[in-house]
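Here the structure comes first, spelled out in structure tokens, and everything after it is commentary.
The values are calculated or read from the model by the stated rules, or taken from the named source; none is laboratory data. In this text, all values refer to a predicted model and were calculated from it rather than measured experimentally. With ideal geometry, Cβ positions are generated from the backbone for all residues, glycine too; neighbour counts draw on all protein chains shown. Heavy atoms of the whole protein, side chains included, go into the accessibility calculation; ligands, DNA and RNA do not. Shrake-Rupley method; radii C 1.70, N 1.55, O 1.52, S 1.80 Å.
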Amino acid sequence: MGTAQDKLVDGLYGLGWAGVKKLPEPAAEALGRRIADFAWKRRGKSVLRLESNLARVVPDAGPERLRELSKAGMRSYMRYWMESFRLPTMDPKRFGTDVEFKDEHILREALASGRGVVVALPHLANWDLAGAWAIGHIGVPFTTVAERLKPETLYDRFVAYRESLGMEVLPHSGGAAFGTLARRLRSGGLVCLVADRDLSASGVEVDFFGSKARMPAGPALLAQQTGAVLLPATLHYGDTPKMYGRIHPEVEVPRTGTRTEKTTVMTQAVADAFAWGIAEHPEDWHMLQRLWLEDLEDLGERTQ
């Protein structure tokens, strides 16, 4: 049985899905900006954490610049939600005009190779829209993994929403998901994973903007185990309604080293691609949680 708070959260998200997609696009955009500005002015924990994270990304930014970035960041975050609520009602033909990827040919050539492709993305701009672009514009369905949310009914809503766009969604449940992803790749399929935050003990330690963080080992391990092509991708919004992205060059499996050593090298290469995209467009990085190990250690000390 869910708690009253769980039911409230689920109800609010359900209201968003039901209501926002019925709004005219300009009205939805305006609503998103108003909600973002309200949340930003309240200076809650999420906004302060966003500013703390941005301070690592833009180390020379003073307090005023960080506040500007966090305000733009909250607007970008709410734009993600407004777009996501409306995605199931959008004409798939728009994905070819509303989304533009630099070096799209890298993805097309990798898919044509038949090796299977793992695309790793950070929490930049709208990764769901990028997935819809892959299905509607490239014409390739894909498999992804979703973290189980509470309440369970909210997780079910997310899964149903993403499946309505043509994605295959697996629960983040360890080996079972990994095995299915590996099978999809061996059959030449596409797997897309959001991979810039891993709080588990199995995460790979990487250098990220000069400090240590952990990122998932999954993309590198899948590429090693299946022979799939591993491609980092980064996204950003523009001044227009369009979203832009870049397909980065393949992260190849090192020829020497143990599996752990290879995984570390590959995950660092993915982190470097993410860092490039985030540094170019920090306001579109929706990281409202703790990421760096130093911040997580501080949290542990305070809660002991």
### Task
Could you pull out the residue among D239, D272 that is open to solvent by 40 Å² or more (accessible area, probe 1.4 Å), of a type in the set (D, E, K, R) and part of a helix (DSSP H, G or I)?
D272
### Query
If a residue has to be surrounded by 15 or more Cβ atoms within 10 Å (Cβ to Cβ) and not in a helix (DSSP H, G or I) to count, how many in the stretch 63-96 make the cut?
1
#### Entry: Which listed residue is modelled with pLDDT under 80 and of a type in the set (G, A, S), from G188, G179, G174
G174
### Query
Can you find even one residue in the stretch 186-202 that is under 29 Å from R94 (Cβ atoms) and among the polar types (S, T, N, Q)?
no
### Message
Here is a check on your reading of the model: is T226 more than 19 Å from the chain's Cα centre (by Cα), of a type outside the set (G, A, S) and modelled with pLDDT under 95?
### Response
no
### Summary
Checked against (1) over 15 Å from T264 (Cα atoms); (2) surrounded by 20 or more Cβ atoms within 10 Å (Cβ to Cβ); (3) among the hydrophobic types (A, V, I, L, M, F, W, C), A223 satisfies every condition except (1)
### Message
Just the residues that are modelled with pLDDT under 95, under 20 Å from L124 (Cα atoms) and among the aliphatic types (A, V, I, L, M), please, taken from the stretch 196-216.
### Response
L199
### Task
Name the single residue, out of those in the stretch 29-46 being among the hydrophobic types (A, V, I, L, M, F, W, C) and at pLDDT below 95, that is surrounded by the most Cβ atoms within 10 Å (Cβ to Cβ).
A36
### Summary
Filtering the stretch 97-145 for residues that are open to solvent by less than 50 Å² (accessible area, probe 1.4 Å) and in a helix (DSSP H, G or I) leaves a count of 17
### Query
Just a yes or no: is a residue in the stretch 198-214 within 16 Å of the chain's Cα centre (by Cα), surrounded by 16 or more Cβ atoms within 10 Å (Cβ to Cβ) and without any contact (Cβ under 8 Å) to a residue 24 or more places away in the chain?
yes
#### Entry: Output for the stretch 47-62, where each listed residue is surrounded by fewer than 16 Cβ atoms within 10 Å (Cβ to Cβ) and part of a helix (DSSP H, G or I)
L48
### Task
Among the residues of the stretch 175-196, write down those that are open to solvent by 50 Å² or more (accessible area, probe 1.4 Å) and out of contact with any helix residue (DSSP H, G or I) (no Cβ under 8 Å at 6 or more places or on another chain).
G175, A176, R183, R184, S187
### Summary
Given (1) open to solvent by 60 Å² or more (accessible area, probe 1.4 Å); (2) under 23 Å from G188 (Cα atoms), E280 misses just (2)
